[in-house]
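The values are calculated or read from the model by the stated rules, or taken from the named source; none is laboratory data. Bear in mind that the values here come from a model prediction, so they are computed numbers and not experimental data. Counting neighbours? That spans all protein chains shown, and the Cβs are built from the backbone with ideal geometry, glycine included.
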Amino acid sequence: MKKPISGFSKLNKLDKIEWVIKNSFSSNNNIKNVLQQYYNDDGKLQKLHDEFAENTLSNFYLPFAIAPNFLINNKLYIIPMVTEESSVIAAASKAAKFWLEKGGFKAEVISTIKIGQVHFIFEGNFKDLKDYFENIKPKLLTDVDSLTTNMNNRGGGIKNIELVNLNDQIENYFQLKASFETKDAMGANFINSCLEQFSKTFKDNFKDSSKIEIIMSILSNYVPECIVKAEVSCPIEELYDNSIVEPISFAKNFVRAVRIAEVDKYRAVTHNKGIMNGIDAVVIATGNDFRAVESGAHAYASKSGTYKSLTKASINDNRFSFSIEVPLALGTVGGLTKLHPLANLALEMLDNPSAEDLMQITAVAGLAQNFAAIKSLITTGIQHGHMKMHLINMLNQHKASDIEKENAIEYFKKNTVSHLNVEKFINKLRSND
C-alpha cells in the first residue's frame, strides 16, 4: 500500500529511487537498472538535466531525427524533429522531397504580437476606473523600465495597454490587457514580470486600493496576433508520383478532404493532430514549449466558434494550392533553447534562425506533415505506410533477432501488417528453427 511522504524533494536521487521502488512496484525486478541505463555518463550533463525539473529519477529519451530536403523561401533546410511516432519523420521527408522540385515551400510571418493580462475585480463606478486607468497608464509603463530596457534595445517591448470591461460576464470583473513584442525570445518570463508590476502599480496608486482586488497576472498562450503562414502550389499536372495516377482527380479529392476538415469537427481534430505531429516535433527539438503551442493552435482553430482545419486547399486556373495559417509563439533565446545541448544543436542545424525564421520553418513542418497524411488517405490509405513503419516496433516487442527482422520486413512488403499477423509470422519462423 502506498504511503504519503514529506520532504521527498530533499532526498538524494538514490534514496528517491529506493523509496519509489518500495512504494510503487510489487518487486524490485531490474527497476533500478532500467532507470540507471538512461542516466548520462557525463556527470555535468546529468546534473543539468536533473535541474530541468524537480524529483528527477532518470531521463526519458525520445528519438532526435532529421527530415532533409526542405526548400523554404528558396533556402534548403535539414529540419530536426523529436518524436516517438516513426511515421512522422518519413512522412515529412517524403513531403519535402515531393515539393523540392516544384518550387518548395513559401512562408511568411504575418505578425508577432503576444498578449498578457492582469485580471482584477473592481467594486465601484466604471467611469472612475476608466479615468484612473487613463491617468495611471504612463506610470504603468515607466514602472517597468528596469524590465523593458534590454527588450526595447532589441526592438521589442510593450506595444499597448488597454482596460477591458467584462462586468457583463462576471460581476465586477475587468482586465488590463497588454500587448508585447518579444523579438527572438518566447518572452513568457518577461511578460509575466511586467504584468506583476502592472498589477502592483495599478492597485497601490488607486485612491481607495481596497476597491481593487487583483486575481492574477499572467500571459496568454492564445496568440492570434502572432501568426505565420506557409504554402505550396504548382500546376495540377505536376502533381504526380508512384501513388498519384490522375493528378486532376488527386487535386479534387485533396481539396474535398481539407473541406471535410473545415465542416466536420470529428475529422478536424484528427486532421489538426496530424499537423501538430510535425509542428510539435520541431518545437520540442528546439527547446520550445509544445504545450503552449498546442493550446494556442487549437484555440485558433476554434476562432470562428466552430473547430476547423488549420489548413486550406484550393484549385484556381488549373493550379493547386495548399496552405496553413497558425499561431506560433517561439523563441531562439532563453529557456531550454540554449540550456539543452540538443536544442542548441538543433538551432545550429537550422543556421541559428531568428524567432521569425523558426516560426516559418515550424509552420512548414506542420504543412508538410498534413500534406503527406492527406495524400496517403486519398491514395493508398493511411495504414499502408503507417503500419509498415510500425512493423519494427512490433518486432521489437517480440524480441525479434536481426535475421527475424530481415525475414519479416521482406515478407510484409507484400502482406498486411497487423499485430496478429506479425505474431503468427514470428511464431512460424521460430517453430521451423
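Against the conditions (1) surrounded by 15 or more Cβ atoms within 10 Å (Cβ to Cβ); (2) not assigned by TED's automatic domain parsing to the domain that holds Gly335, where does Ala92 fall short? Just the number, please.
(2)
Consider Ile31 carefully, then state whether it is outside the structural domain of Leu345 (by TED's automatic domain parsing) and among the β-branched types (Val, Ile, Thr).
Criteria met by Ile31.
Hey, among the residues in the stretch 279-316 that are of a type in the set (S, T, N, Q) and not in a loop (DSSP other than H, G, I, E, B), which one's farthest from Ala107 (Cα to Cα)?
Here the residue is Ser295.
Would you confirm whether or not the stretch 226-242 contains a residue that is at pLDDT 95 or above, part of a loop (DSSP other than H, G, I, E, B) and on the phi < 0 side of the Ramachandran plot?
Checked against the condition, which is being at pLDDT 95 or above, part of a loop (DSSP other than H, G, I, E, B) and on the phi < 0 side of the Ramachandran plot, the stretch 226-242 yields at least one hit.
Can you tell me which residue in the stretch 27-44 is farthest from the chain's Cα centre (by Cα), limited to those that are surrounded by 14 or more Cβ atoms within 10 Å (Cβ to Cβ) and among the hydrophobic types (A, V, I, L, M, F, W, C)?
Restricting to residues being surrounded by 14 or more Cβ atoms within 10 Å (Cβ to Cβ) and among the hydrophobic types (A, V, I, L, M, F, W, C), the top hit is Ile31.
Can you find a residue that is over 30 Å from Met349 (Cβ atoms), surrounded by 10 or more Cβ atoms within 10 Å (Cβ to Cβ) and not assigned by TED's automatic domain parsing to the domain that holds Ser233 anywhere in the stretch 59-75? Working first, answer last.
First, pick out the residues of the stretch 59-75 that are over 30 Å from Met349 (Cβ atoms): none.
No, that holds for no residue.
Could you tell me whether the stretch 4-15 includes any residue that is assigned to a helix (DSSP H, G or I), buried (at least 17 other Cβ atoms within 10 Å of the Cβ) and touching a residue at least 40 places away in the same chain (Cβ under 8 Å)?
No, the conditions are met nowhere in the stretch 4-15.
Among the residues of the stretch 16-46, what is the count of those that are in a loop (DSSP other than H, G, I, E, B), in contact with a helix residue (DSSP H, G or I) (Cβ under 8 Å, 6 or more places away or on another chain) and under 30 Å from Pro341 (Cα atoms)? Explain how you work it out, then say what you get.
Just the residues of the stretch 16-46 that are in a loop (DSSP other than H, G, I, E, B), to begin with: 25-30, 38-42.
Restricting the remaining residues to those that are in contact with a helix residue (DSSP H, G or I) (Cβ under 8 Å, 6 or more places away or on another chain) gives 25, 28, 39-40.
Going one step further and asking which of them are under 30 Å from Pro341 (Cα atoms), we end up with 39-40.
Residues in the stretch 16-46 being in a loop (DSSP other than H, G, I, E, B), in contact with a helix residue (DSSP H, G or I) (Cβ under 8 Å, 6 or more places away or on another chain) and under 30 Å from Pro341 (Cα atoms): 2 in total.
In the stretch 215-224, what residues are surrounded by fewer than 17 Cβ atoms within 10 Å (Cβ to Cβ) and over 17 Å from the mean Cα position of the chain (by Cα)?
Step one: list which residues in the stretch 215-224 are surrounded by fewer than 17 Cβ atoms within 10 Å (Cβ to Cβ), which gives 215-216, 218, 224.
Listed by number, the residues that qualify are Ile215, Met216, Ile218.
Find all pairs meeting these conditions: Cβ atoms under 7 angstrom apart; at least six residues apart or on different chains; first residue within the stretch 291-306 and in contact (Cβ under 8 Å) with a residue 12 or more places away in the chain and small (Gly, Ala, Ser); second residue in a helix (DSSP H, G or I) and surrounded by fewer than 12 Cβ atoms within 10 Å (Cβ to Cβ).
none
Please state which one of Phe133, Phe180 is out of contact with any Gly (no Cβ under 8 Å at 6 or more places or on another chain), among the aromatic types (Phe, Trp, Tyr) and at pLDDT 95 or above.
Numbers: Phe180 fails: out of contact with any Gly (no Cβ under 8 Å at 6 or more places or on another chain).
Exactly one of Phe133, Phe180 is out of contact with any Gly (no Cβ under 8 Å at 6 or more places or on another chain), among the aromatic types (Phe, Trp, Tyr) and at pLDDT 95 or above, namely Phe133.
Could you list, in sequence order, the residues of the stretch 272-285 that are surrounded by 24 or more Cβ atoms within 10 Å (Cβ to Cβ) and under 11 Å from Ala365 (Cβ atoms)?
Answer for the stretch 272-285, where residues must be surrounded by 24 or more Cβ atoms within 10 Å (Cβ to Cβ) and under 11 Å from Ala365 (Cβ atoms): Ile275, Gly278, Ile279, Asp280, Ala281, Val282, Val283, Ala285.
Just to be sure, is Lys405 farther than 30 Å from Lys47 by Cα, surrounded by fewer than 20 Cβ atoms within 10 Å (Cβ to Cβ) and of a type in the set (Lys, Arg)?
Numbers: farther than 30 Å from Lys47 by Cα: yes; surrounded by fewer than 20 Cβ atoms within 10 Å (Cβ to Cβ): yes; of a type in the set (Lys, Arg): yes.
For Lys405, the condition - farther than 30 Å from Lys47 by Cα, surrounded by fewer than 20 Cβ atoms within 10 Å (Cβ to Cβ) and of a type in the set (Lys, Arg) - is met.
Could you list, in sequence order, the residues of the stretch 317-373 that are outside any helix (DSSP H, G or I), over 30 Å from Ile236 (Cα atoms) and among the hydrophobic types (A, V, I, L, M, F, W, C)? Let's see the steps before the verdict.
Let us first name the residues in the stretch 317-373 that are outside any helix (DSSP H, G or I), namely 317-335, 340, 350-354.
If we keep only those that are over 30 Å from Ile236 (Cα atoms) as well, we get 328-335, 340, 350-354.
Of everything in the stretch 317-373, those that are outside any helix (DSSP H, G or I), over 30 Å from Ile236 (Cα atoms) and among the hydrophobic types (A, V, I, L, M, F, W, C) turn out to be Leu328, Ala329, Leu330, Val333, Leu350.
All but one of (1) in contact with a strand residue (DSSP E or B) (Cβ under 7 Å, 6 or more places away or on another chain); (2) at pLDDT below 95 hold for Lys97; which doesn't?
Of (1) in contact with a strand residue (DSSP E or B) (Cβ under 7 Å, 6 or more places away or on another chain); (2) at pLDDT below 95, only one is false for Lys97: (2).
Can you pull out every residue in the stretch 80-131 that is acidic (Asp, Glu) and part of a strand (DSSP E or B)?
The one that is acidic (Asp, Glu) and part of a strand (DSSP E or B): Glu108.
What are the pairs, 6+ residues apart or on separate chains, where a residue within the stretch 208-226 that is under 13 Å from Phe180 (Cα atoms) has its Cβ under 8 Å from a residue that is part of a loop (DSSP other than H, G, I, E, B) and among the charged types (D, E, K, R)?
Close Cβ pairs satisfying both conditions: Pro224/Lys303.
Among the residues of the stretch 47-77 satisfying the criterion of being of a type in the set (Asp, Glu) and assigned to a loop (DSSP other than H, G, I, E, B), which is modelled with the lowest pLDDT? Let's see the steps before the verdict.
Looking only at the stretch 47-77, we keep the residues that are of a type in the set (Asp, Glu), and these are 50-51, 54.
Next, only the ones that are assigned to a loop (DSSP other than H, G, I, E, B) stay: 51, 54.
On the way: Glu51: 88, Glu54: 93.
Taking the candidates together, the pick is Glu51.
Conditions first: (1) exposed (fewer than 13 other Cβ atoms within 10 Å of the Cβ); (2) in contact with a Gly (Cβ under 6 Å, 6 or more places away or on another chain). Glu123 passes all but one, so which condition is the exception?
For Glu123, the exception is condition (2).
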